[in-house]
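First up is the structure itself, then whatever we jot down about it.
The values are calculated or read from the model by the stated rules, or taken from the named source; none is laboratory data. If you're wondering where the values come from, they're calculated on a predicted model, not measured in any experiment. In this analysis, Cβ positions are derived from the backbone assuming ideal geometry, glycine residues included, and neighbour counts consider all displayed protein chains. Surface areas here come from the heavy atoms of the whole protein model, side chains and all, with no ligands, DNA or RNA. Shrake-Rupley method; radii C 1.70, N 1.55, O 1.52, S 1.80 Å.
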Amino acid sequence: MAAISPELQHLVDQWLSHDPNAVTKSEIQALVAEGNAEELQARLGSRIGFGTAGLRGTMKAGYAFMNDLTVIQASQGLAKLLVSMYEEPTIVVGRDGRHNSERFAQLSAATFVKAGIKVYFLKGLSATPIVAFAVKELNLKAGVMVTASHNPKNDNGYKVYWEAGSQIVSPIDRNIQKSIEENLTPWDISHELANLESLVIDPLQQVSDRYYQLVREKCSFTSETNKESKLKIVYTAMHGVGKKWAERVFDEFNLNPFIPVVEQIEADPEFPTVEFPNPEEGQGSLKLAIDTAEREEAPLIIANDPDADRFAAAEKQKSGIWKIFTGNELGILFADWTWSNYKRLHPDAQPDKCLVINTTVSSKMLKGLADKEGLRYEETLTGFKWMGNLALKRINEGYTFLYSFEDAIGFMMFDVCLDKDGVRAAGAFAELANSLYAKGLNVNQHLDSLYEKYGYYATQNRYFFCYDPKKMERIFDRIRKLENGSYPTSVGGFAIKSVRDLTTGFDSSQPDQKAILPTSSSTQMITFFFENGAVVTLRGSGTEPKLKYYTELNGNDRIIVDGTLTAVKESVIVELLQPVENGLLPPED
C-alpha cells in the first residue's frame, strides 16, 4: 500500500479533530492503522458536492460522503447564508425513515438554532412534499428534507428548498457551497441538541391539515361519488413514509380505503424486500404488490417511493398481464384529467392563460395536448427545480398553473406545493380510475383514447449503470468527436437533423448555434433530433450512477412508430453508448 503523504495526514488529523461521531471517527482510524492511503484519499480528498438537489451519497466516514460532520458543515454553510440574506431567517426541517435520518435532521436543526434562525421541526416521519409545502404555507425562507428518496438503503441526502417551496437553482446552490467551504470548523451545538425540543416549533399538525384542505379543494373532482365505487386498489409505500399520508388523502377525497401491501407498508430503513426501493424499476420492485393484488382480485396497484414524492401505477389487463404505466403515460393521463375537470368547473377559463410544463426529456404528447386545447406549454431542463421555479414565475405573471410532470414518475398538480408530490397524485389517480371503471373502461383503454385524440407518442427510456464519473465523461467526449472531430450526422442509417449539447451550450438548430435552455458543464446531456422525427437524449444522472437514454417518436401507425423507434434506440446504444466496450451494466430486469 502507498504511504500516507503529509497532505493526506493533514486531512486525517483534521477529520479526527472535527468528527463528533465515534463510529465514523473509528472508520478513519481503522484505515490509518491499515495504512490504506488509497481509501483514505477517496474518502477525504474530495468533498461531497452541493448541487441543485443538495447533498446525496453513501453514508460513511469522509468528506466525500454523508455523515454527521458533512451534514453539520452543510447546515453551517446554509445557516450563514440565510443569516447574511435575511433579517429574520426561518427554516423548516423534515426527514424520512432511513438510517441516520433522524440524527441528521436533529444536527441540522440544532445548527440552525445555534445561528439564531427560527426553526420549525417536523416531528416524526415526513413526506418530502410536506416540507416543500411547509416552506410556502408558513412563509419561510428555506427548508431542509433529510432523504435519499428512492436510492439504496446505504444512501442518504439533504434536500434544500428556498422561498415559496421550490427547490434551489443557481446561483443559490453555488452560494451555499461557497458558504459551506468558509464554515468548515464545526460549532459547539451540544446545548442546542440537548434542549432541541424546547428550542424549535413543531407545525406538523397545522401544516398537514392545511395541506390536505388545499389538496381536497384543488385536486379532488369527484368526491361526491367516490364512495360508490367498488374498485379495489392495492397500495405500497415501498418501506417508506407514505402510509399515513396516502391513507389521509384517500379519506379527504372520500375514497374507499386501499388494500395495503403488508410487507412494505411500514417504514423500514433496511428495505428488506427490495434492493432498489424505486417503483419506477417496474416488475421487480412491484412483485409483492402484484402478489397482493392477485390474491385480493384487485385490478389496480398504486405506489409511492420511500419519501412519497413519486407515484407509480399498474393495471391488470384482460389478458392477465400487468401493465406498469410509464411516467410519460401517467403524465398524459393526469394532464387530461386535470385539464378536462378544470375546464368543466371553470367554463370561463381562458386556455391560453392556463399553463402546463414538462421537462425536455419527457413526452411531447403534453405539447400535443396543449396545442390542441389552446393551453400554454413550456419545457425546462430535467428536474422539478426548474419546473417549480418556472411555475412560480408564471403564476406571478398572472397565469393559472395547471400541471407539470417528468418522465421519472414525478407529478405536480396545481400549486399546492411547487415540487413533485406522490401523495396528491395517489388521490387523483384513484379518482380517475374510479371514474373510468364506472363507465366500463379501464385506464389503459382510456390511454388509447387519448392517443386517438392527441396522436400516438412512443417512448422507450432506460439506463445503464456507470459508476465511474471519468468514464461517463469519456463516453460523451467520444460522441462529440465521433465523426471527423464533431457530432455524428447519422446513427444506424438514420440521419440526424440537429444536435443540442446542454453540457457545452451547442445547438446546431439555432442561427448562432447556442442553446436556448440553460447549460451546465458539470452535467452530461446531448440530444439528437433525427430527420424521421425521433428525438434521443443521452444524459448522466445527477443523483445516481446512471447513464440514461430517452427516446421518443410520434406518428399515426403504432406498429411502424414502435418498430422505428426501437431500431433508432438500439442503434444509439450500440454505436454511441457501446455498453460492452465501456463496461456499462444494464438493470437486472
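Just a few scattered comments:
- Shape of segment 337-406 from the C-alpha gyration tensor: oblate (a/c of 1.5 or more and a/b not above b/c, with a ≥ b ≥ c the square roots of its eigenvalues).
- Ellipticity at 222 nm from helices only: DSSP H runs of n ≥ 4 in the chain, each -39500 (n - 2.57), divided by the residue count, give -12000 deg cm²/dmol.
- Relative packing of 578-584, 290-296, which averages over residues the other C-beta atoms within 10 Å, highest first: 290-296, 578-584
- Accessible-area ranking of Lys118, Lys141, Lys136, largest first, probe 1.4 Å: Lys118, Lys136, Lys141
- Label selected from (i) 43, 26, 22; (ii) 54, 42, 19; (iii) 37, 31, 23, the criterion being semi-axes √(5λ) of the Cα gyration tensor in Å as computed here: (iii)
- Of all DSSP-defined beta bridges confined to the chain, some 65% are antiparallel rather than parallel.
- Gyration tensor (alpha-carbon) shape descriptor, segment 193-338, a/c threshold 1.5: oblate
- The residues neighbouring Gln350, those whose beta-carbon lies less than 13 Å from its own, together hold a net charge of 0 under the Lys/Arg +1, Asp/Glu -1 convention.
- Of the chymotrypsin sites (Phe, Trp or Tyr not before Pro) found in segment 29-67, not one falls in a DSSP loop while having at most 16 other beta-carbon atoms within 10 Å.
- Inter-part distance where segment 316-353 and segment 107-165 are each reduced to a Cα centre, Å: 31
- Mean sequence separation of contacting Cα pairs (under 8 Å, at least six apart), scaled by the length of the chain, corresponds to a relative contact order of 10 percent.
- Dipole axis of segment 424-518 (+1 Lys, Arg; -1 Asp, Glu on Cβ), positive-most option in Gly493, Pro511, Phe476: Phe476
- Pairs over the 24 Å Cα-Cα cut-off, from the set Lys393/Lys497; Lys497/Lys548; Lys497/Lys569; Lys364/Lys439; Lys343/Lys372; Lys178/Lys393: Lys393/Lys497; Lys364/Lys439; Lys178/Lys393.
- Sparse-neighbour loop sites [GluC sites (Glu not before Pro); segment 522-576; at most 12 other C-beta within 10 Å; DSSP]: Glu531
- Charge tally in the Cβ shell below 13 Å around Thr111, where Lys, Arg are +1 and Asp, Glu are -1, Thr111 excluded: 0
- Relative contact order, percent, segment 462-589 [alpha-carbon distance under 8 Å, six or more residues apart]: 27
- Of the GluC sites (Glu not before Pro) in segment 208-244, those whose Cβ has at most 13 other Cβ within 10 Å and which sit in DSSP loop: Glu224
- Neighbourhood charge, 11 Å Cβ-Cβ cut-off, centred on Glu39 and excluding it, Lys, Arg +1 and Asp, Glu -1: -1
- By DSSP, the beta bridges lying fully in segment 321-449 are antiparallel in about 30 percent of cases.
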